[in-house]
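The values are calculated or read from the model by the stated rules, or taken from the named source; none is laboratory data. This is a predicted model, so every value here is computed, not measured. So basically every Cβ, Gly included, is an ideal-geometry build from the backbone, and we count neighbours across all protein chains shown.
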């Protein structure tokens, strides 16, 4: 079983370029995976969806996708016990767990993540690539 952490930046980046990171994950990992998202990511998306920014529509779409996949495929798990900053949560997870893949398009966050875990980013073409390559 592969465990995957997705950051807000990858969800929004993918959807901005009409690429669904969840579908990309499904293609790459087939069926042997679970996606973990912190409650902080849901809160970030909810806050963005209510704003007047260009990302509001994309954030709304992201929330719908997360809940749809969570309900239909049971592959997305929301880590609700996290009241800390999203980046801090991801850093803590990367330090505590082995054998997880972290998908982020946030360069600063990627540089801080413990190197024992694979760090990926989604490209404009909808391909998951190693962050350091």
*Index of the failed condition, residue 23 passing every other in (1) in a helix (DSSP H, G or I); (2) under 13 Å from the mean Cα position of the chain (by Cα); (3) surrounded by 14 or more Cβ atoms within 10 Å (Cβ to Cβ)*: (3)
*Among the residues of the stretch 98-115, which ones are surrounded by 15 or more Cβ atoms within 10 Å (Cβ to Cβ), within 23 Å of residue 1 (Cα to Cα) and touching a residue at least 40 places away in the same chain (Cβ under 8 Å)?*
100, 101, 102, 103, 104
*Could we say that residue 70 is at positive phi and modelled with pLDDT under 85 here?*
no
*Sort out which residues of the stretch 87-97 are surrounded by 18 or more Cβ atoms within 10 Å (Cβ to Cβ) and either in a strand (DSSP E or B) or out of contact with any strand residue (DSSP E or B) (no Cβ under 7 Å at 6 or more places or on another chain) (or both), and write them in order of number.*
87
*asked:* Return the residues of the stretch 27-56 that are within 22 Å of residue 120 (Cβ to Cβ), part of a helix (DSSP H, G or I) and touching a residue at least 12 places away in the same chain (Cβ under 8 Å); say none if nothing qualifies.
replied: 28, 29, 40, 41, 42, 44, 45
_Here are the criteria: (1) under 18 Å from residue 27 (Cβ atoms); (2) surrounded by fewer than 18 Cβ atoms within 10 Å (Cβ to Cβ); (3) under 14 Å from the mean Cα position of the chain (by Cα). Tell me which single one residue 68 does not satisfy._
(3)
_Residue ID - modelled with the highest pLDDT, chosen from residues in the stretch 124-133 that are surrounded by 15 or more Cβ atoms within 10 Å (Cβ to Cβ) and part of a loop (DSSP other than H, G, I, E, B)_ = 126
*Which members of the stretch 1-19 meet the condition of being part of a loop (DSSP other than H, G, I, E, B) and either surrounded by 19 or more Cβ atoms within 10 Å (Cβ to Cβ) or at pLDDT 90 or above (or both)?*
7, 17, 18, 19
*From the list 41, 37, which one is touching a strand residue (DSSP E or B) at 6+ places or on another chain (Cβ under 6 Å) and under 17 Å from residue 13 (Cβ atoms)?*
37
*Among the residues of the stretch 71-86, write down those that are surrounded by fewer than 19 Cβ atoms within 10 Å (Cβ to Cβ) and either out of contact with any strand residue (DSSP E or B) (no Cβ under 7 Å at 6 or more places or on another chain) or under 22 Å from residue 127 (Cα atoms) (or both).*
71, 72, 73, 74, 75, 80, 81, 83, 84, 85
